[in-house]
Amino acid sequence: AEEMKVRSIKFTMTDLATRLGVSKRLLYEHFSSKDELIGAIVDACLEDAYQNTLRILNDPERPVSEKLEAFLIPRQSVLLLEGQIAEDIKRFLPGEWEKFGRFAEEKWEMLEGLLKEGIEKGELRPVCLPIVEKMIYGSKKEMVDRQFLSEHNLSLKDTCRYIADVLMYGMIARNQ
């Protein structure tokens with residue numbers, strides 16, 4: 001993962017072996033190819049995000065509003081796969097990229113359940129959930145544009161925090 005932060009997915013197994021201080025042969029004993037290694041990193045990042053999502057949802061001490069906010073802001077492990085890394089995975093490893101789509105679908109189902117719970121408890125006002133889904137994933141999809149983030153000096157995490165804030169609290173001043 002650290003090597004990917006430096007070189008995206010364009011690192012070589014030799015680069016990685018040097019970084020780790022091991023032989024390239026040792027790497028190939030665990031992974032048959034660089035693509036398999038990248039797949040294992042993607043899987044680990046998504047599994048971490050999934051487990052975190054379950055922890056958020058199953059925390060009986062958190063109100064729905066806190067769960068929602070935590071749900072909308074991605075974990076550091078998923079943020080590893082942003083920017084150039086995400087673009088390269090999407091372009092060169094479409095099978096790995098598809099995992100993100102499946103994860104987003106699973107995460108939406110969990111989020112939808114949380115939103116319904118919040119509406120039923122009266123913690124959230126009734127809203128059209130299909131529109132909320134499009135708003136969340138549409139805005140996040142647009143915000144991963146590296147050029148946009150760079151031009152506005154934003155990190156992906158900060159951008160997701162802003163999106164969560166507007167989705168949860170709207171644009172009307174809170175004292176109104």
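The values are calculated or read from the model by the stated rules, or taken from the named source; none is laboratory data. From a predicted model like this one, the values you see are computed outputs, not experimental measurements. For neighbour counting, all protein chains shown are included, and Cβ atoms are generated from backbone atoms with ideal geometry for every residue, glycine included. The protein model used for the area step is the full one, side chains on, heavy atoms only, and it has no ligands, DNA or RNA in it. Shrake-Rupley method; radii C 1.70, N 1.55, O 1.52, S 1.80 Å.
Which residue, of Leu26, Leu54, is over 24 Å from the mean Cα position of the chain (by Cα) and of a type outside the set (S, T, N, Q)?
Leu26
Just checking, how many residues over the range 85-116 are open to solvent by 60 Å² or more (accessible area, probe 1.4 Å) and touching a helix residue (DSSP H, G or I) at 6+ places or on another chain (Cβ under 8 Å)?
So the first thing to find is which residues in the range 85-116 are open to solvent by 60 Å² or more (accessible area, probe 1.4 Å), and the list is 87, 90-92, 94, 97-98, 102, 105-106, 109, 116.
If we keep only those that are touching a helix residue (DSSP H, G or I) at 6+ places or on another chain (Cβ under 8 Å) too, we end up with 87, 90, 92, 97, 106, 116.
Of the residues in the range 85-116, 6 are open to solvent by 60 Å² or more (accessible area, probe 1.4 Å) and touching a helix residue (DSSP H, G or I) at 6+ places or on another chain (Cβ under 8 Å).
Residues are listed down the side, and each one gets a yes or a no for (1) in a helix (DSSP H, G or I); (2) modelled with pLDDT of 95 or more; (3) farther than 19 Å from Glu3 by Cβ; (4) acidic (Asp, Glu):
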site	(1), (2), (3), (4)
Leu68	yes, no, yes, no
Gln84	yes, no, no, no
Asp88	yes, no, no, yes
Gly101	yes, no, yes, no
Lys107	yes, no, yes, no
Leu115	yes, yes, yes, no
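For the range 14-41, give me each residue that is of a type in the set (A, V, I, L, M, F, W, C) and either surrounded by fewer than 17 Cβ atoms within 10 Å (Cβ to Cβ) or out of contact with any Phe, Trp or Tyr (no Cβ under 8 Å at 6 or more places or on another chain) (or both). Give the steps one after another, and end with the answer.
Applying the first criterion (of a type in the set (A, V, I, L, M, F, W, C)) to the range 14-41 yields 16-17, 20, 22, 26-27, 31, 37-38, 40-41.
The answer is Leu16, Ala17, Leu20, Val22, Leu26, Leu27, Phe31, Ile38, Ala40, Ile41.
Determine which member of the set Lys10, Lys5 is surrounded by fewer than 13 Cβ atoms within 10 Å (Cβ to Cβ) and in contact (Cβ under 8 Å) with a residue 60 or more places away in the chain. Before the answer, list the steps.
Numbers: Lys10 fails: surrounded by fewer than 13 Cβ atoms within 10 Å (Cβ to Cβ).
Checking each option against the conditions leaves just Lys5.
Cβ-Cβ under 8 Å, sequence separation 6+ or interchain: first residue in the range 20-45 and within 14 Å of Ile85 (Cβ to Cβ), partner assigned to a loop (DSSP other than H, G, I, E, B) and among the β-branched types (Val, Ile, Thr). Which pairs?
Going by the 8 Å Cβ cut-off, the qualifying pairs are Lys34/Thr12.
Looking only at the range 118-125, decide whether some residue is surrounded by 12 or more Cβ atoms within 10 Å (Cβ to Cβ), within 27 Å of Ala40 (Cα to Cα) and of a type outside the set (Gly, Ala, Ser). Working first, answer last.
So in the range 118-125, the residues surrounded by 12 or more Cβ atoms within 10 Å (Cβ to Cβ) come out as 118-119, 123-124.
Still in the running and within 27 Å of Ala40 (Cα to Cα): none.
Checking the range 118-125: not a single residue is surrounded by 12 or more Cβ atoms within 10 Å (Cβ to Cβ), within 27 Å of Ala40 (Cα to Cα) and of a type outside the set (Gly, Ala, Ser).
Among the numbered conditions (1) over 27 Å from Ile9 (Cβ atoms); (2) open to solvent by 50 Å² or more (accessible area, probe 1.4 Å); (3) part of a helix (DSSP H, G or I), tell me where Asp158 comes up short.
Answer for Asp158: the failing condition is (1).
For the range 1-40, which residues satisfy the criterion of being of a type in the set (Val, Ile, Thr) and not in a helix (DSSP H, G or I)?
Thr12, Val22
State yes or no: is Ile136 open to solvent by 60 Å² or more (accessible area, probe 1.4 Å) and at pLDDT below 90?
no
Quick one: in the range 132-176, which of the residues that are within 23 Å of Asp88 (Cα to Cα) and of a type in the set (Gly, Ala, Ser) is farthest from the chain's Cα centre (by Cα)? Reasoning before the result, please.
Taking the range 132-176 and keeping what is within 23 Å of Asp88 (Cα to Cα), we get 137-160.
Among the residues that remain, those that are also of a type in the set (Gly, Ala, Ser) are: 138-139, 150, 155.
Details: Gly138: 14, Ser139: 13, Ser150: 19, Ser155: 13 Å.
By that ranking, first place goes to Ser150.
Just a yes or no: is a residue in the range 65-80 of a type outside the set (A, V, I, L, M), touching a residue at least 40 places away in the same chain (Cβ under 8 Å), over 18 Å from Leu156 (Cβ atoms) and open to solvent by less than 60 Å² (accessible area, probe 1.4 Å)?
Within the range 65-80 (the criterion being of a type outside the set (A, V, I, L, M), touching a residue at least 40 places away in the same chain (Cβ under 8 Å), over 18 Å from Leu156 (Cβ atoms) and open to solvent by less than 60 Å² (accessible area, probe 1.4 Å)), the answer is yes, since at least one residue qualifies.
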